[in-house]
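The block underneath contains the structure these notes are about, expressed in structure tokens.
The values are calculated or read from the model by the stated rules, or taken from the named source; none is laboratory data. Fair warning: this is a prediction, and the values are worked out from it, not measured in the lab. Glycine also receives a Cβ, built like all others from the backbone with ideal geometry; neighbour counts cover every protein chain displayed. Protein only, heavy atoms only, side chains kept; ligands, DNA and RNA dropped before computing areas. Shrake-Rupley method; radii C 1.70, N 1.55, O 1.52, S 1.80 Å.
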Amino acid sequence: MRLRQQGLPLFEGGRLRGALTLRESQQREAAIFFQETVLRAWKEVDDALTDYREAQRRRIDIARSVTENQSALQAARQRYSEGATNFLDVTATHAQLLQSENDLSGSDTQIATDLVNLYRALGGGWEVADVADGADRALRQKIGTP
């Protein structure tokens, strides 16, 4: 009894060992959660890099297609002016050029989107400006109200 009064935990060993085991388990759980978070972030970055790289490769192919369709249109116009073909061939070739240019524009949009996704996966951030507040503040300053 006297040992208990002095604050020595002589008979509390089981409770203390249980608390220690609980703390160790909580630390292992936190380490596993951290590891999962790091691996998930790594995967997001890897996926974003892959998407960005593939979009750039597709753009190169589409740009090549645009160049080829421009040459084909020029050749079709030349053949039409020489009377070797009808205007329908020129129109069809022009439609192919327009489609490839449209694809190129879509590819540029995809590259920009993939770049934003990569930036976000790497932890990049930005502030969202509240346009309505800014416009309201500017209007109040213009008319002189607080």
Worksheet item: Restricting to the stretch 32-77, what's the tally of residues that are open to solvent by 60 Å² or more (accessible area, probe 1.4 Å) and among the aliphatic types (A, V, I, L, M)?
Response: 5
Discussion item. Criterion first (at pLDDT 90 or above, touching a Ser or Thr at 6+ places or on another chain (Cβ under 7 Å) and open to solvent by less than 100 Å² (accessible area, probe 1.4 Å)) does S81 satisfy it?
Written reply: no
Item to complete: Report, by residue number, each residue of the stretch 13-53 that is under 30 Å from Q110 (Cβ atoms) and either of a type in the set (V, I, T) or touching a residue at least 12 places away in the same chain (Cβ under 8 Å) (or both).
Response: T37, V38, A41, E44, V45, D47, A48, L49, T50, D51, Y52
